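Undergrad: Sharing a structure, written as structure tokens. Questions coming.
What follows draws every value from the coordinates through simple rules; no lab data is involved. Worth saying up front: this structure is predicted, and the values here are computed from it rather than measured. Cβ coordinates were reconstructed from backbone atoms using ideal geometry, including for glycine residues, and neighbour counts include every protein chain displayed.
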Amino acid sequence: MKTVIFCSGCHFPISIIAGSIYMGKLPLNFQKGTLWDTFCSKELYKNIVDVVCCLGETPDGTRVMAFSAPSSGHLLGNLTSTFLEINCIIKKTYHVVEIPIHKSTLLSLGQMLLKWPITRPAGRRVIESCLEKIYPQLVQAVKLDGNFQISDN
Amino acid sequence: MKVIYHCYGGAHSSVTAANIHLGLLPRERTPGYRELISQKLFDHNQVKDSGRIILMGLDGGGNEIYIVGRRSRPGLLYNTTGCLAEAFGINKESYLLVDVSPHVNITMRAGGILSRRLGLVAIGRPLAAWGTLISYRGILHLVEKTLKSTPTGSCTGGGGLVSAAS
């Protein structure tokens, strides 16, 4: 079984969004509603930093995992690659994708605003506008580094 | 068995611990300054190397000895290795993570920042080496404890924590 591992060093677990794009759960073009429904409304962004999320499998049997560690994306990428390497896991069976977005103050702010009911709508707007900006980068990372053939149709 | 010594930068304390484990540094006495700075990979790892697990060698019992710098995120190291082991069917008893950071003193920290982060090797390296010499007995004690949990030819210990604090 092939495994694709997305790593990000952002406070907001964007590796999970990248993984969801890879799996086809999220569209290639940014859609506020879809993203919010599948990711934010289920509060998937909570308590998923510093831990590994197994997002499931694609129809072709590729397992998708996502790691998020604030300010430690590169560390995470190195750690994952070398740990699997020293344990003689064949390199062909896994692929580590480092998401090139490391820090976003706005995303952190939005995430903080989501904590309180009164500031939640503002938090949602901040997160959505921020994700809208970085979404093409995420899609690009999934397409290029994920070595994944996504149909643009 | 794989023994992975880890600390903040993977440049001083974990390297020293690994070299003591491998018998490249003395166990019966504190080494001299020259002896310490000439050890393999001492004050070598850069910031970009953080998270990279580096093989230092094989000990007498055939155990593989590694070092890794994991910044201030030991939890991240434990979680990541644990989750990856689970996902890829790696036996958690086949590796042992040893935290050397309780033996990192303020002098080593200052030396490490100056040498590795700011590139002031001429000041930072002697300072880090001096700090390592101060902590040498503690690191040695930790290595001896680790050696007891990795007896020759057997696999014990697991992916647990060995630290001086316990």
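Undergrad: Take the eigenvalues of the Cα gyration tensor for chain B, scale each by 5, and report the square roots as semi-axes in whole Å, largest first.
TA: In descending order, the three semi-axes are 25, 18, 13 Å.
Undergrad: Measuring from centroid to centroid over Cα atoms, what is the spacing of region B:5-74 and region A:19-33 in Å?
TA: Cα centroid to Cα centroid, the span is 44 Å.
Undergrad: Under a plain spin-label model, where a point goes 7 Å from the Cα along Cα-to-Cβ, how far apart in nm are A:TRP116 and B:SER94?
TA: 5.1 nm
Undergrad: Which of B:ALA85, B:PRO31, B:VAL98 sits closest to the plus end of the dipole of chain B, meaning its Cα is farthest towards the positive end, when Lys and Arg get +1 and Asp and Glu get -1 on the C-beta?
TA: About the Cα centre, the residue reaching furthest to the positive side is B:PRO31.
Undergrad: How big is the equivalent ellipsoid of region A:50-119 along its three axes, where each semi-axis is √(5λ) from the Cα gyration tensor, reported in whole Å from largest to smallest?
TA: 30, 16, 9
Undergrad: Would you mind calculating the gained length between B:LYS48 and B:LYS148 on full extension (0.36 nm times residue separation, minus the Cα-Cα distance), in nm to one decimal?
TA: Contour length minus Cα-Cα distance gives 32.7 nm.
Undergrad: Considering Cα pairs under 8 angstrom that are at least six residues apart, work out the relative contact order of chain B and quote it in whole percent.
TA: Taking the mean separation of contacting Cα pairs over the length of chain B, I get 31 percent.
Undergrad: Hey, another quick one. Per-residue mean of other chain beta-carbon atoms within 10 angstrom of the beta-carbon, peptide A:83-95?
TA: 4
Undergrad: Measuring from label point to label point, each 7 Å out along Cα→Cβ, what is the B:LEU120 to A:LYS32 span in nm?
TA: Label-label distance for B:LEU120 and A:LYS32, simple model: 5.0 nm.
Undergrad: What trypsin sites (Lys or Arg not before Pro) does region B:1-71 have in DSSP loop regions with at most 10 other beta carbons within 10 Å?
TA: Loop-located and lightly packed - B:ARG29.
Undergrad: Using only the Cα atoms of the protein assembly as shown, construct the convex hull and provide its projected area averaged over every direction, in square nanometres to one decimal.
TA: Mean projected area of the Cα convex hull: 17.7 nm².
Undergrad: Okay, moving on. At 7 Å along the Cα-to-beta-carbon direction for both B:ILE134 and B:SER72, put a label point, then send me their distance in nm to one decimal.
TA: Placing both labels 7 Å beyond Cα along the Cβ direction yields 1.9 nm.
Undergrad: Still on this structure, please answer the following. With N set to the number of residues, divide the alpha-carbon radius of gyration of region B:38-102 by 2.2 N^0.38 Å and report two decimals.
TA: Here the answer is 1.22, to two decimals.
Undergrad: Another question, if that's okay. Could you give the DSSP H helices of chain B that reach 30 angstrom or more along their long axis (alpha carbon positions) and whose average Kyte-Doolittle hydropathy is no lower than -0.5?
TA: B:121-149
Undergrad: Hey, another quick one. Taking a 23 Å limit on the Cα-Cα distance, which of the listed pairs A:LYS91/A:LYS143; A:LYS91/B:LYS148; A:LYS91/B:LYS2; B:LYS2/B:LYS148; A:LYS25/B:LYS92; B:LYS40/B:LYS92 fall beyond it?
TA: A:LYS91/B:LYS148; A:LYS25/B:LYS92; B:LYS40/B:LYS92
Undergrad: Given the C-alpha centroids of region B:75-104 and region A:55-90, what is the distance between them in whole angstrom?
TA: For region B:75-104 versus region A:55-90, the Cα centre distance is 14 Å.
Undergrad: Through the Karplus equation 6.51 cos²θ - 1.76 cosθ + 1.60, θ set to phi - 60°, convert the phi angles of region A:10-17 into ³J(HN,Hα) values in whole Hz; use x for Gly and Pro.
TA: 8, 5, 8, x, 6, 5, 6, 5
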